[in-house]
Amino acid sequence: MPTQTNSHPATDFREVLQPSPFQTRIDEQCLVQDWMSWNGYKTARVFDTLASEYFAVRSTCSVMDLTPMEKYRITGPDAQTFLNRLVTRDISTLKPRRVTYVIWCNDEGKVLDDGTIFHLSEGDYRLCSQHHQLDWLLLSSLGFDVNIEQETHNIAALAVQGPTSCSVLTAAGIAGMEQLKPFDIGYSTLNGIDVMVSRTGFTGDLGYEVWADPANALAVWDAIFAVKEKGLFDIRPMGLGALDMVRIEAGFIMPGDDFNTAETAIRADRDRSPFELGLAWLVNFEKPYFTGKKALLAESKKPAKRRLVRLSVEGNKSPTDAFLYDAKGGSRIGTIKSCVWSPILKTNVSLADVEFVKGKPPASIWAEIYYQKELEWRATWAKCTISAKPFWTHPRSSVTPPNKF
Amino acid sequence: MTKSHSVVIVGGGHNGLICATYLAKAGHQVQVLEARDSVGGGASTQSFFDGYSTSGLAHVLYGLNAKVCKDLKLNIDDASFTQPANTISLQLDGEHLILGRDDVSASSLSTKDLEAYRAFKKEFRGYAKALQPLMMNTPPRLKDMDKKDKVTLAKLGWSLRFGLGTQSMREFLRVGGINIYDVLNEVFDSPALKGAIAVDAILGQHMGPRTPNTVLTYLQRLWGETQADQSIPVGGMGKVSIMLEKAAIEAGVAIRTGAKVAKILVENGRSQGVVLESGERVDANIVVSNADAKTTFIDMVGAPQLDAMFCHRVNSVRQNGDVAKLHFALDTLPNFTGLSEQQLTQRLIIAPDMRYVEHAFNHSKYGEFSDNPVLEMTIPSLNDASLAPAGHHVMSVSATFAPYHLKDGWQQQSRDAFVQRILETIEHYAPGFSTSLIKLELLTPVDIEDQYNIAGGHWHHGELSIDQSFMMRPVHGAAQYQTPIDGLYLCGAAAHPGGGITGVPGHNAAQRILAMGDI
């Protein structure tokens, strides 16, 4: 039988938001006290300024607390077949010590959430997800001999991201970092503490995620920031604000922000299939049956109605929440979901939900942008271009061994 | 070894045989695979003690469908096939009620109740008839409707609006979803009469008279009356299956008994055939399952071949039985106070009033068997002396409530205690009954599950509740006799319109399969 362990550290009833195992250090470094809730944890949106955090991850190294991310341990004789029935990708080819990006759907082939599967060791898996998924995992486990344990609160995790991240971790004392290929998992130690390091991240840059026992959380944090004390590298904590900038540049989607997850969609056409999210490459019809396969097969034979696309928007006006039209003053064909002014690309980049015409993207897309000048509203039109590739990529994110600094 | 057929039917219960016969008549090569040693499933005659046989599960026939009988040339009115039976509701004072199709007779009833019974039966049989277009068709989908779905809905709407008329339709819509307790209290004065009618609304269900939905279950029972009068088959319910088996063989159906299906083979979302428990593989273009939803999907197809939420829905079907079956071998004809020998051939029930029935149900809610169970009794050896040695008799009893999940489990002590309660109940009406008892057999819902391969041991393969009926029976996604697996169909009580020895699911499934044209 699947079980749920709940080892929330005891919190005072006045603490509406759960403290992370790194909270003492985060509180010290968060100068602007700009807090938000992430899965119920007290999480910094910004530590000092958005710009410094953004440039840290793109030019040196940033550190972000990942503990609030939902984590589930999947074990038992049917762990692999269970996961393979859950997600749209073929998990049977995922070797131990490897990670893969996955999505999973409901019976109607609409996406419930995305996440990553870590094959920790033979038959021992960790599923990380954006949203709470225990109910769906337990429901999906009928007929499988599998053990499902929520371990969100049992593991402390730090994302260490940026061009110097490999050098930082090596300097902090974790051996073997340079051998990790993208999506590899390595087991190592840091000052005698057992850590697991995966070459994964949500920034599109070179980066790692360090996983440890919550009891060792502060020791791991201190060892990494000690590298900064030595004056070797600039290392800055990063809040969710800067993360949102870099993930849009990298073209990573956020369930709940860029599309309604199927579980939360109430209106009939508000949920989205993998095809509608531009994630057809994650759907494998050759592998054994998975939830939603029948519906997706049927959908794949019809012309696409809409797609979440990467959209560059001309000009310097922020297209936040802008409507999209097929011509200046034409018919409305979509909306901007997430957008950011990319400091590194010097342009507005966005993710947008766009209606297709006869299975094809519209010939032209225009955004109607409302903006203020000294509290006076104005409107303007900006031409948009669909970007086939992520807005920003860099060879350093995939090269092994990474460049030394 | 691999054999190939155009159709394999999993389970040779009456619906499986009927579906097989229709498909064979349409020119298809059909193989019926039955786990037990004989066909019939719940409609069978079983020997439970040397020389004594009786209906294994179902023992009263009420609504073997008229069209099925006509198509398969079953002469249900033939005296060698069935004997008509009224219901006699036993009373402690000996003033028994005799309930017929249209009239009730009892010296204790007022003229008002006698007239009310006639009017009530006419009105409610009218409602049941109005459901006819829905009962004899594939239930229409409400989403992505095709032309046939729209026609069925239109016919149902027409039948309700113009078949019933304004007054009756309004009344039907008022009572359709409520409980039989309130309705009977509105119509009748006599507690005894109300108790007797309430039995027909709750027997076989996990419901008491006060449970919402019991008007619908009563209407489904009454729909049987629109097909044929209530009767007792001569030679036990197995008689029906013998006739159906004969019709099937004549139509060219191949029947194998002792062939228990373990798995339904699925490749790329399409059924390929079945694998027997012996390991033998039987290939077929299409597979039709007469088994209940859980057995079909969770056990035979397997969750890995299906969507997660669909499996969850199947697993959540309420299909735990609440009726035990008892078979008594008697060395003499029991003597029920105030009943003639002729009257003993009828359907006898013990349900003196609605409070009695509701209190019996209360126990079941908390995982106990009823202290004072509701009983339905027949003595089939009166119609066919060959069922027992000369001068001896067999009595067949359905006893409710006996929950599948008994709090203490159905161990010997619980079984003995329950049998004791039943014997004591019968003794009130037939003093000295126990002294004539030679041997008895008790089938709890757990035994029914084991012996008849019905998960949960439910008569109807699932409660006949609104949320498990029509376009939601057994669950949405499998309610049009089709399933998420291409080439796999349902034809049993798990499918619309549900259980009872009606043959309608088998008939409707065959029509659907033939219309699909993928054999």
What is the sum of charges, Lys and Arg at +1 and Asp and Glu at -1, for the other residues whose Cβ falls under 10 Å from the Cβ of A:Asp271?
0
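For region B:116-227, just say rounded, prolate or oblate: build the C-alpha gyration tensor, square-root its eigenvalues into a ≥ b ≥ c, call rounded for a/c under 1.5, and beyond that prolate if a/b exceeds b/c, oblate if not.
In terms of gyration-tensor shape, prolate.
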Kindly provide log₁₀ I(q)/I(0) values, in the same order as q = 0.10 Å⁻¹, from the Debye equation applied to equal alpha-carbon scatterers of the protein assembly as shown.
-1.08
Residue-ordered couplings for region B:43-52, obtained by feeding phi - 60° into the Karplus form 6.51 cos²θ - 1.76 cosθ + 1.60 and rounding to whole Hz (Gly and Pro as x), are 9, 9, 10, 10, 8, 10, 6, 3, x, 10
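Treat the count of other C-beta atoms within 10 Å as a stand-in for reagent exposure and order A:Trp211, A:Trp104 from fewest to most.
Neighbour counts put them in this order, fewest first: A:Trp211, A:Trp104.
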Kirkwood radius from Cα pairs of region A:245-385 plugged into Stokes-Einstein at 20 °C, 1.002 mPa s, gives D in µm²/s equal to 131 µm²/s
Charge context of B:Asn65, other residues only, Cβ under 15 angstrom, K/R +1, D/E -1
+1
Could you put B:Phe124, B:Phe401, B:Phe470 in order, starting from the residue whose Cβ has the fewest other Cβ atoms within 10 Å?
B:Phe470, B:Phe124, B:Phe401
If contacts are Cα pairs under 8 angstrom and at least 6 residues apart, what is the relative contact order of chain A in percent?
17 percent
Spacing of the two label points (7 Å from each Cα toward its C-beta) at A:Thr93 and B:Asp37, in nm:
5.4 nm
Counting only residues 5 or more apart in sequence or on a different chain, those whose built amide H sits under 5 Å from that of A:Lys42 are A:Gln18, A:Ser20
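Which shape class applies to region B:55-158: rounded if a/c is under 1.5, otherwise prolate when a/b exceeds b/c and oblate if not, where a ≥ b ≥ c are the square roots of the Cα gyration tensor eigenvalues? It would help to have the intermediate numbers written out before the result.
On the way: a/c = 2.95, a/b = 1.63, b/c = 1.81.
Judged from the Cα gyration tensor, region B:55-158 comes out oblate (a/c at least 1.5, b/c at or above a/b).
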Sort the following peptides by mean Cβ neighbour count (other Cβ atoms within 10 Å, averaged over residues), highest first: B:65-78, A:304-317.
A:304-317, B:65-78
Theoretical gain in end-to-end length, A:Leu232 to A:Lys346 [0.36 nm per residue, Cα-Cα removed]:
38.1 nm
Please report the orientation-averaged projected area of region B:374-519, defined via the convex hull of its C-alpha atoms, in nm².
12.0 nm²
³J(HN,Hα) computed for each position of region B:76-91 - Karplus, 6.51 cos²θ - 1.76 cosθ + 1.60, integer Hz, glycine/proline x
5, 7, 4, 5, 7, 9, 9, 10, x, 9, 7, 9, 10, 8, 6, 10
In nm, the gap between the two label points placed 7 Å beyond Cα toward Cβ at A:Thr400 and A:His131 is 3.4 nm
In whole Hz and in residue order, list the ³J(HN,Hα) couplings for region A:87-100 that follow from phi through the Karplus curve 6.51 cos²θ - 1.76 cosθ + 1.60, θ = phi - 60°; x for Gly and Pro.
9, 7, 8, 7, 8, 5, 9, 7, 7, x, 6, 10, 10, 9
When a/c is below 1.5 the answer is rounded, else prolate if a/b is larger than b/c, else oblate, so apply that to chain A with a ≥ b ≥ c taken from the square roots of the Cα gyration tensor eigenvalues.
oblate
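Give me a single rounded figure for A:284-290: the average over its residues of other chain Cβ atoms within 10 Å of their Cβ.
Per-residue shielding by partner chains comes out at 3.
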Just tell me how shielded A:140-146 is by partners: mean number of partner chain Cβ atoms within 10 Å of each residue's Cβ, no decimals.
5
Here the relative contact order (percent) of chain B, from C-alpha pairs under 8 Å and at least 6 apart, is 24 percent
Can you give the mean number of other chain Cβ atoms that lie within 10 Å of the Cβ atoms in peptide B:297-309?
6
Over chain A: helical MRE at 222 nm, DSSP H runs n ≥ 4 each giving -39500 (n - 2.57), nearest 500:
-5000 deg cm²/dmol
Residues A:Thr400, A:Thr200, B:Thr226, B:Thr166 in order from fewest to most other beta-carbon atoms within 10 Å are B:Thr166, A:Thr400, B:Thr226, A:Thr200
Surrounding net charge for B:Gly258, when Lys and Arg each add one and Asp and Glu each subtract one, Cβ distance under 13 Å
-1
Kirkwood hydrodynamic radius for chain B: how many Å is it when counted over pairs of different Cα atoms?
23.2 Å
May I ask you to derive the relative contact order of region B:1-121, considering only C-alpha pairs under 8 Å and at least 6 residues apart, and to give it as an integer percent?
13 percent
Find how much the distance from B:Arg118 to B:Ser168 grows on full extension, using 0.36 nm per residue of separation minus their present alpha carbon separation; answer in nm with one decimal.
16.4 nm
Compute the length gained on full extension between B:Ala417 and B:Glu277: take 0.36 nm times their separation in residues and subtract their Cα-Cα distance, giving the result in nm to one decimal.
46.8 nm
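Each reported figure results from applying straightforward, stated rules to the coordinates on display, with no laboratory input. Please read these numbers as outputs of a predicted model, since none were measured by experiment. FYI the Cβ positions are ideal-geometry reconstructions off the backbone, even for glycines, and counts take in every protein chain you see.
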